[in-house]
1. Diagonalise the Cα gyration tensor of the stretch A:132-218 and give the resulting equivalent ellipsoid semi-axes, square root of 5 times each eigenvalue, largest first, whole Å.
2. Can you give the calculated 222 nm mean residue ellipticity of the protein assembly as shown, where each DSSP H run of n ≥ 4 adds -39,500 (n - 2.57) and the sum is split over every residue, rounded to the nearest 500 deg cm²/dmol?
3. Given a cut-off of under 8 Å on Cα pairs at least six residues apart, what relative contact order in percent is computed for the stretch B:275-417?
4. From the square roots a ≥ b ≥ c of the eigenvalues of the alpha-carbon gyration tensor of the stretch B:3-173, which class results: rounded (a/c under 1.5), prolate (a/b over b/c), or oblate?
5. With θ set to phi - 60°, apply the Karplus curve 6.51 cos²θ - 1.76 cosθ + 1.60 along the stretch A:261-274 and write out the HN-Hα couplings as whole Hz, x wherever there is a Gly or Pro.
6. Return the chain B residue and its Cβ-to-axis distance, rounded to the nearest Å, for the rotation relating B to A.
7. Would you kindly derive the ³J(HN,Hα) couplings of the stretch A:344-351 from the backbone phi angles with the Karplus curve 6.51 cos²θ - 1.76 cosθ + 1.60 (θ = phi - 60°), listing them in order in whole Hz, with x for Gly and Pro?
8. How about A:K371: which lysines have a C-alpha closer than 24 Å to its C-alpha, ignoring those fewer than 8 places off in the same chain?
Number of protein chains: 2
Amino acid sequence: MSLYVMKFGGSSVGSAERMQKVAQRIVEKKLAGHQCVIVVSAMGDTTDELIDLSKQITDRPSAREMDMLLTTGEQVSVALLSMSIQQLGHEAVSFTGWQAGMRTDDGHGRARIKDIKPDRIMKALDAGKIVVVAGFQGTSDEGEITTLGRGGSDTTAVALAAAVKADFCEIYTDVDGVYSTDPRIVRCAKKLDEISYDEMLELAHLGAAVLHPRAVEYAKQYQVPLVVRSSFTNNEGTYVKEEAVMENGASVRGIAYDKNVARISILGVEDQPGVLAKFFNALAEHHINVDIIVQSGVLNGKADFSFTVTLEEMDRAVEIVENTRSEVNFDEVTSETNLVKVSIVGAGMVSNPGVAAKMFDVISKQQASIKLVSTSEIKVSCVIEQSYLTEVILALHTAYDLDTNQTVFVGGPKDRR
Amino acid sequence: MSLYVMKFGGSSVGSAERMQKVAQRIVEKKLAGHQCVIVVSAMGDTTDELIDLSKQITDRPSAREMDMLLTTGEQVSVALLSMSIQQLGHEAVSFTGWQAGMRTDDGHGRARIKDIKPDRIMKALDAGKIVVVAGFQGTSDEGEITTLGRGGSDTTAVALAAAVKADFCEIYTDVDGVYSTDPRIVRCAKKLDEISYDEMLELAHLGAAVLHPRAVEYAKQYQVPLVVRSSFTNNEGTYVKEEAVMENGASVRGIAYDKNVARISILGVEDQPGVLAKFFNALAEHHINVDIIVQSGVLNGKADFSFTVTLEEMDRAVEIVENTRSEVNFDEVTSETNLVKVSIVGAGMVSNPGVAAKMFDVISKQQASIKLVSTSEIKVSCVIEQSYLTEVILALHTAYDLDTNQTVFVGGPKDRR
């Protein structure tokens, strides 16, 4: 007998019919002799509908009241999924975040889990019940209802798996597992049997939507054995774990991309000590997340800097940089959009110095110019113009021996919560 | 400065627009220098929509999971109403049942309030905030989410008013107050300025939908000063209190009716001691609520009994009576539908013996035959055929001097939760 945490996203429980299929799947696990803790997201478009309702009232709802509003979505899901399981003749009990003992800090809309007191869950499991927990939500010490922000239900599942010492944490989604790259672009993309936490973390950060980075971080921290698999098929899925076997000795595990990237360049900056800190402190004070930062060489006592931010934050970032003029001398601030960050990820890279060079070579052969580069031990990211995305990804996929003979069927929209 | 509890039903908050009007109304109260605790129901048809969702999954959902499902309706309302108040520039904070300290027993779907610990409410009021509480819900000692059943939000409001020692508990609805009878039947029905708890309790029990009997009971028990008034107008409303002044010395305050009534007759019952107990114990064991019970005289050692039940329980009640044949001898069980129970209510009745006689007289003049009669100190109920309802009510209204010169505007559907 193993203890499974199984997480189902919004599209997996998007209708009564899908809910019943998910229930069937859970009951099969139970009948195979296992204990089950289920984590569910809000049904289909529920969250968007609730957000729309709030927008009819105010453009700037308080974060506390938004949490109060949005957590109802998952509460509806747990009730209906429990009913679906009961309808199949099995005992089930649903819990909201506070009932499940999900304790968070008080950061409404982006709370972090502090600890989990799974007493009620364990008691229900001991009584032979299937436990259904609302994802994405918790309560603060003051008894306030909080939400975990994007990827919250993935994080709930992994954190719960750690708290109840689950043997497996299965993330059910609308794809078969983690792929070598986006199968919508590369039809012969390869489903990975295994991937390490670090690689998955890089892929998730770099744009692979299948798992949220916070959930992967949590899984790595607590060594939770993660499985990403399809809600709709019985295919094996991808195991995410500490050490993953690289199948054919290849150094690159996967290719990710992220279109939500804008480049900002500060040109002709007077080369003084602490100049860089002045820019980036100002940005940090305004909670602007900066990703890649590149400094060119100094020429005639002046340097150029470039960095990337998300598209939404670009205008504000430019404004903040302009406002530093009183402290720093520079010629000009420019910004650029219609970019994409393409990244190759693989734990084998560190011992294989030719990997990055090959990437630059492949990209240049596609006539795309590389705007920015960033590297770590297990990834190389290049920012290029978006119009080159498809050719570049296809070429990289082939160059790193990731192509398979099989064509991937690409399903519906991604579960994104 | 007074402390008000204000309760708004589902149709009062049925859309973002109505929500904003309600918020406006609350803010006016606040600006007049008062403290406000608001109780809200689920928006418009939300509850029915949630029930429909559950029906797509199962015909027999567990009561616990239904409570988990339905309580989300009020949670959405409190979040949106708080946002609406904040949008008007005032501080507001929403609470679910458990956050508001609503402690109930564990009777899912029909829980009774055990006690209220309004610490968080008081703290928020002291901080100058408008408090918005989800009606209809609470939690048991075991931390289970419960609902109070029909009329739950009225009951929440009255119980909260008692717990926070409110100066007034205002029930906002889609009518102007409590009327002498249903204004949809009698267009010159009179809005009552005052009514006693006992009279309101009888009217509520006898079919007046404006307030739920449990809420009135609670108000009487804790002497909560109740006001029933319109969400849509600034009219005065009806005060419900211990002693109500009868305006023109009339003995009848109001006329109620209830179409949800079926008559069951057991004919030719062998007259033995304890026979009646056998029938009604059997019915009670099956949780069938019996209303009026009438026994005819004994003829040749045989008697006839009649009693009323709700339409939904009629078939089951007949079956239960049939099953007592092994213990009791009787000739036949019959049942009758298309009936209505018409009741006159008034505290002045007890000292005025002609009141019941006048009722029988008025009904017989309308050619309607009286099937069953039941009386108490402050009411007389007669069961008649439904086809006579309108004429009988109109005639009674005139006979007891309740007609006014004004014609009542009758609004939309009733708030029923």
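1. Three semi-axes, in Å: 28, 14, 11.
2. -10000 deg cm²/dmol
3. After rounding, I find 19 percent.
4. Cα axes put the stretch B:3-173 in the oblate bin.
5. Result, rounded to whole Hz: 9, 10, 9, 10, 10, 10, 9, x, 7, 4, 7, 10, x, x.
6. Residue and rounded Å distance to the axis: B:T72, 2.
7. Per residue, the Karplus-derived 3J(HN,Hα) values read 9, 10, x, 5, x, 4, 4, 9 Hz.
8. Filter leaves A:K259, A:K278, A:K302, A:K341, A:K358, A:K379.
Laboratory data are not the source of any read-out in this text; all were calculated from the coordinates shown. Since the model is a prediction, treat every value here as computed from it, not as a measurement. When we count neighbours, we look across all protein chains shown, and the Cβ atoms used for this are built from the backbone with ideal geometry, even at glycine.
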